[in-house]
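One structure is given here, and the rest of the page talks about it.
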Amino acid sequence: MFKKIQGFSKLPKQEKIQWLADNYFHDKEEGKKILESYWNQDKKLQELHDDFIENTISNFYMPYAVAPNFTINEKNYTVPMVIEESSVVAAAALVAKFWSDKGGFKATVLGTTKIGQVHFMYKGDFNSLKEYFNKKKNDLYKATDSITKNMRKRGGGIVDIELRDKTNELDNYYQLHVTFDTKDSMGANFINSVLEAMAKAFKNDDIQIVMSILSNYVPDCRVRAEVSCKVEELYEKDAQHYAEKFIQALNIANAEVHRAVTHNKGIMNGIDAVVLATGNDFRAVEAGVHAYAARTGKYKSLSGGKIENGIFSFWLEIPLALGTVGGMTKIHPLAKLSLEILGNPSAEELMQVVACVGLAQNFAALRALTTTGIQSGHMKMHLNNIIKQLNATKEQTAILLDYFKDKPVSHSDVVKKFEEINY
Ligand code: MEV
């Protein structure tokens with residue numbers, strides 16, 4: 001049955017929960033207890049979280065972990081990661097160690113500019129519009145002067161304003177296509193405020209502003225991460241064969257969309273985890289990265305690799321709009337702490353770290369897929385989780401781990417074996 005309620009957002013938290021319990025919970029008291037058990041005992045901290053969004057009724061925890069031993073541009077990092085998938089942090093830590101013994105990761109920021117657009121409709125002659133734009137351009141800067149003042153002091157601000165004719169895509173459609181440098185902030189609020197002020201100053205009777213908004217497609221805010229080593233250092237046995245298979249896996253991800261999406265999902269396992277841990281906007285990153293993967297008109301791998309003169313190289317290039325000031329980065333105590341663990345990096349340094357974790361994750365996945373397969377590693381973590389759910393004793397855990405070390409793990413088989421030994 002559809003349950004409609006008026007004024008829900010104005011109800012106190014307890015009443016919101018009571019309404020949920022009355023309408024949705026199978027066991028009202030149990031449901032309420034679960035929600036309350038996730039409230040923070042520190043009232044101030046809970047209030048902070050309550051105020052992040054509307055209608056907060058509790059907190060949804062995710063595991064917060066660290067992957068140590070990342071060597072990036074000859075600097076050592078311990079990387080905070082927030083993720084629920086069992087094998088991701090273990091893989092990152094293993095690969096970090098593997099590459100730190102081989103000179104580590106290299107990362108380079110290839111650009112830092114971001115885009116915002118004022119989308120508008122205009123039915124007149126393009127040359128008159130161009131003339132109007134050229135006359136107005138200075139006023140557009142002036143109209144945003146008070147908003148950009150602090151950013152300009154930090155060396156950022158508006159880089160360029162272009163008039164773009166988009167009538168080939170849509171009748172009467174034009175844009176003010178604005179390039180920004182937002183320095184260490186992700187800059188979403190800054191960009192949107194600037195665009196709205198610009199739109200106000202730009203509109204006239206012939207120009208119908210449709211909307212003003214930043215773009216999450218940021219191919220010029222891009223970073224490259226790479227690793228390389230001698231082929232024989234890559235694998236203990238049959239390294240050449242293994243390296244070639246690894247490159248074939250990359251070729252397949254470039255050739256075929258179903259594989260490309262899963263391949264890139266593995267990269268995002270690492271990227272999202274650090275983006276989340278540092279209080280950045282993972283939806284913006286996801287949207288921008290996948291658009292970049294499809295920039296040629298075909299969705300492809302974000303990573304690449306080659307074997308040349310006995311050297312194996314592996315790289316990743318992705319757009320990343322990240323901030324280390326503003327937004328959640330300093331408001332969420334854990335995000336702030338994550339940045340502290342990373343040595344309070346600039347946005348550019350954070351881009352480098354995040355890209356390297358993405359590359360590490362992709363390396364771990366391809367290494368497993370082209371050798372043992374991923375299930376043995378995944379199943380080990382899965383087995384541990386099932387054992388925990390069963391509340392097995394230390395002795396029972398040891399028996400179960402030993403029993404399943406050379407057998408496929410399924411939930412029902414583990415439960416069956418547990419029942420056998422739990423008498
Ligand atoms: C699982 O979360 C990620 C992988 O599927 C990535 C891949 O297939 O490359 C293992």
Along segment 145-154, Karplus-curve 3J(HN,Hα) (6.51, -1.76, 1.60; θ = phi - 60°) to the nearest Hz, with x for Gly and Pro, reads 3, 5, 6, 8, 3, 5, 5, 5, 4, 8
Comparing Q361, Q375, Q46 in a Gaussian network model of the chain (Cα, 10 Å), the one with the largest mean-square fluctuation is Q46
For the chain, longest principal axis from Cα atoms; helix 375-389 axis from its Cα atoms; angle between them, nearest 10 degrees, is 80
Calculated from DSSP helices alone, with each H run of at least 4 adding -39500 (n - 2.57) and the total divided by the residues of the chain, [θ]222 nm to the nearest 500 comes to -15500 deg cm²/dmol
Taking the alpha-carbon centre of each part, the distance from segment 90-119 to segment 272-329 in Å is 8
Taking a straight Cα-to-Cα line shorter than 16 Å from K405, and setting aside same-chain aspartates and glutamates fewer than 8 residues away, one finds E395, D413
By Cβ neighbour count within 10 Å, fewest first, K114, K44 rank K44, K114
About its Cα centre, segment 8-50 carries a charge dipole, from +1 on Lys and Arg Cβ atoms and -1 on Asp and Glu Cβ atoms, whose size in debye to the nearest 20 is 160
Computed about the Cα centre, the charge dipole of segment 126-229 from +1 Lys/Arg and -1 Asp/Glu charges at the Cβ has a magnitude in debye, to the nearest 20, of 460
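Take the Cβ-Cβ distance between F60 and D145 as r, set R0 to 56 Å, and report the resulting FRET efficiency rounded to the nearest 0.05.
Numbers: r = 42 Å, r/R0 = 0.74.
Approximately 0.85, to the nearest 0.05.
Based on Cα coordinates alone, diagonalise the gyration tensor for segment 377-422, multiply each eigenvalue by 5, take square roots, and list the semi-axes in whole Å, largest first. Show your work: numbers first, answer last.
Details: eigenvalues 41, 23, 21 Å².
Working through the eigenvalues yields semi-axes of 14, 11, 10 Å.
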Beyond 26 Å (Cα-Cα) in this structure, taken from K300/K336; K183/K300; K106/K300; K380/K416, we find K300/K336; K183/K300
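In segment 234-294, which trypsin sites (Lys or Arg not before Pro) fall in coil by DSSP and have 11 or fewer other Cβ atoms within 10 Å? Kindly include the intermediate steps, with their values, before the conclusion.
On the way: sites: K237, K245, R259, K265, R283; in loops: K237.
The qualifying sites are K237.
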Any lysines whose Cα falls less than 23 Å from that of K28, other than same-chain ones fewer than 8 residues away, would be K3, K4, K10, K13, K16
Given unit charges at Cβ for Lys, Arg (+) and Asp, Glu (-), the dipole magnitude of the chain about its Cα centre in debye, nearest 20, is 520
The simple spin-label model distance between A398 and K137, using points 7 Å out along Cα→Cβ, in nm, is 7.7
Segment 54-77 scanned against label point 7 Å out from D22 along Cα→C-beta; backbone N under 20 Å for 55-58
Which of I147, I374, I57 fluctuates most in a GNM of the chain (C-alpha springs under 10 Å)? That residue is I57
Once the in-chain neighbours fewer than 8 apart are removed, the aspartates and glutamates whose Cα is under 16 Å from K136 read D145, D160, E162, E196, D205, D206
For the pair D165 and R259, the simple spin-label estimate (label points 7 Å beyond Cα toward Cβ) gives in nm 4.4
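Report relative contact order for segment 268-423 in percent, whole number only (criteria: Cα-Cα under 8 Å, sequence separation at least 6). Could the numbers behind the result be given before it?
Numbers: 132 pairs, mean separation 33.2, N = 156.
It rounds to 21 percent for segment 268-423.
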Gyration tensor on Cα atoms of the chain, a ≥ b ≥ c root eigenvalues, a/c under 1.5 rounded, else prolate if a/b beats b/c, else oblate, says oblate
Rounded to the nearest 10, the angle in degrees between the Cα long axis of helix 188-202 and the longest principal axis of the Cα atoms of the chain comes to 20
For segment 114-215, the Cα gyration tensor yields equivalent-ellipsoid semi-axes (√(5λ), largest first, whole Å) of 24, 14, 11
Once normalised by the length of the chain, the mean sequence separation of its alpha carbon contacts under 8 Å that are 6 or more apart gives a contact order in percent of 17
Candidates F25, F120, F363; GNM for the chain (alpha-carbon contacts under 10 Å) flags as most fluctuating F25
Longest principal axis of the chain (C-alpha) makes with the long axis of helix 347-369 (C-alpha) an angle, in degrees to the nearest 10, of 40
Quick calc: nm separation of the 7 Å Cα→Cβ label points for K407 and H241 -> 3.1
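Read-outs throughout are calculated quantities, based only on the coordinates presented, and are distinct from any laboratory measurement. Treat the numbers as computed from the prediction; the structure is a model and nothing was measured. Cβ atoms come from the backbone with ideal geometry, glycine included; neighbour counts cover every protein chain shown.
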